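Undergrad: Take a look at the following structure, please.
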Amino acid sequence: MFLRVPRFAKPEPFMAYIKPFQAWYYHPQRVAIERVVAPPYDVISHEEARLLHAKDPHNVIRLILGRADIQDLDSDDRYRQARNFLDLWTREGILSHESKAGYYLLETLYEHPSLGKKLSRLAFFALLRLEPFERKIVFAHEQTHESPKLDRGKLLRATGANFSPVFALHEESTHVVDEVRAGCEARAPLFEFTEGESSRHRLWFLDGPSELDRLSQTLDRKRVFIADGHHRYETALKYADEMNAISKKAGEKAWDYVLTSFVRFEDPGLLILPIHRLVLNSVVVDAAEIKTRLKKHFVLHPVSRSVLEKVSEGSITEGFGFALSEQECYLMELKDRTTARQLMPDGKPQSWYDLDVNLVSYLVFEPLLGIGERTLERDLDYTNSVSEVFDKLKNKKAVCSFVLRPMKAQMIKEICEWGELMPQKSTFFYPKFPSGLLIYRH
């Protein structure tokens, strides 16, 4: 499943290295691609998983979550089932293997989920050579947790495959990707389909020498910043270390690479949504007491729900939102930045101290509400939807919510360059890349 491409130069140290690959994908004559792709595993709810299972017997949900039926949610043999499905669909010709190595270009046309404006994002898929973060070639921006990595590790060991790409950002100011896209206008895409209500995807296979060389050079002496898929990247890196420790093969191996989608920082369709925090009912505190505690560090300005929607959209540049109900919303203004900084870890860049997610984590959750690292999963829920925030407050599924502002891509880059990490679920890159569109097998 792995092809060496001799015309590409040997990777130099301390630079990102990508290469074309022979992808596996659903055979266009055997299945309808829109029926078998799925969101990344970590954003699929139980109800969505049930619907995906029912949608098509070959839906990739059976590979990324590795179970034949939704009732198998807690079964330890779901990884074995994923392998069985992968082998079966290969034998039956449901999955097709590209005979030539190449890159893949994906154009996604979509609507902003709250503003409704039309946007277009370009990405290309390649294999990224795995690098430890300490080499400062590939950068992470979010913390990870062990449980998802253990889960993804079991799936990777069982299947030897990447079903979902790592979503990476890269610096590229020469518009090569746009020019390659213009060259695709006269050729038919490999896939063209609609996902959900508003995302339209077109995927082209690229194997021309000029296209391959130009796309490879977009990362020449460049660094790569992980936008989404931190757990998948770290899992692949650990798996490669394990396999290299027991392998007797010389040189690079298939597992030294991970399937990755690349979007440039400057892409006008790059959209980052905030992830709002919901404090669940496991935190026993009444509304009056929460407000009293918050006033220690913040001024609470009463506002309407529409103001919190503007906070989420990024239209309000100062302060973030706090809601107890649709009728009781506030804009939170930090009283004293110097005092706040003294309560946060030393030695960070200023942009790190200014992040809403860090202000809430260090000034509110642990010191004021007693929500620590060990109780995050029990006490907090997350959503990028303001409507969902108010639905859960209305239905008494949460005590209160903190509505945060979206981050800018350049702020994420700056924090990465300092070697800093944000709390998990700090960013929501929208739309997600479909799982099952392309598969990389070792």
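The values are calculated or read from the model by the stated rules, or taken from the named source; none is laboratory data. Small disclaimer: the values here were computed from a predicted structure and weren't measured. Cβ atoms come from the backbone with ideal geometry, glycine included; neighbour counts cover every protein chain shown.
Undergrad: Would you say residue 203 is among the aliphatic types (A, V, I, L, M), in contact (Cβ under 8 Å) with a residue 60 or more places away in the chain, in contact with a Phe, Trp or Tyr (Cβ under 6 Å, 6 or more places away or on another chain) and outside any loop (DSSP other than H, G, I, E, B)? Spell out the reasoning first.
TA: Numbers: among the aliphatic types (A, V, I, L, M): yes; in contact (Cβ under 8 Å) with a residue 60 or more places away in the chain: yes; in contact with a Phe, Trp or Tyr (Cβ under 6 Å, 6 or more places away or on another chain): yes; outside any loop (DSSP other than H, G, I, E, B): yes.
Against the criterion (among the aliphatic types (A, V, I, L, M), in contact (Cβ under 8 Å) with a residue 60 or more places away in the chain, in contact with a Phe, Trp or Tyr (Cβ under 6 Å, 6 or more places away or on another chain) and outside any loop (DSSP other than H, G, I, E, B)), residue 203 qualifies.
Undergrad: Confirm whether residue 206 is over 25 Å from residue 159 (Cα atoms) and aliphatic (A, V, I, L, M).
TA: Details: over 25 Å from residue 159 (Cα atoms): yes; aliphatic (A, V, I, L, M): yes.
Answer is yes for this residue.
Undergrad: Kindly indicate whether any position in region 207-222 is assigned to a loop (DSSP other than H, G, I, E, B), under 25 Å from residue 26 (Cα atoms) and over 17 Å from the mean Cα position of the chain (by Cα). Working first, answer last.
TA: Pass one, region 207-222, residues assigned to a loop (DSSP other than H, G, I, E, B): 207-208, 218-222.
Checking which are under 25 Å from residue 26 (Cα atoms) leaves us with 207-208.
Of the ones still in play, those that are also over 17 Å from the mean Cα position of the chain (by Cα) are 207-208.
Yes, region 207-222 has at least one match.
Undergrad: Among the residues of region 403-424, write down those that are farther than 21 Å from residue 115 by Cα and surrounded by fewer than 20 Cβ atoms within 10 Å (Cβ to Cβ). Before you say what the answer is, go through the steps one by one.
TA: Step one: of region 403-424, the residues farther than 21 Å from residue 115 by Cα are 410-424.
Selection gives 410, 411, 413, 414, 417, 418, 419, 420, 421, 423, 424.
Undergrad: Let me ask something else. Would you tally the residues in region 188-224 being modelled with pLDDT of 95 or more and in contact with a Ser or Thr (Cβ under 7 Å, 6 or more places away or on another chain)?
TA: Here the count works out to 2.
Undergrad: Restricting the search to region 109-137, which residues are within 19 Å of residue 237 (Cβ to Cβ) and of a type in the set (Lys, Arg)?
TA: Listed by number, the residues that qualify are 129, 135, 136.
Undergrad: Out of (1) without any contact (Cβ under 8 Å) to a residue 24 or more places away in the chain; (2) closer than 16 Å to residue 103 by Cβ, what's the single condition that is false for residue 190?
TA: (1)
Undergrad: Taking residue 234 as the residue in question, decide whether it is among the charged types (D, E, K, R), modelled with pLDDT of 95 or more, surrounded by fewer than 18 Cβ atoms within 10 Å (Cβ to Cβ) and not in a loop (DSSP other than H, G, I, E, B).
TA: Working: among the charged types (D, E, K, R): yes; modelled with pLDDT of 95 or more: yes; surrounded by fewer than 18 Cβ atoms within 10 Å (Cβ to Cβ): no; not in a loop (DSSP other than H, G, I, E, B): yes.
No; evaluated as a whole, the condition is false for this residue.
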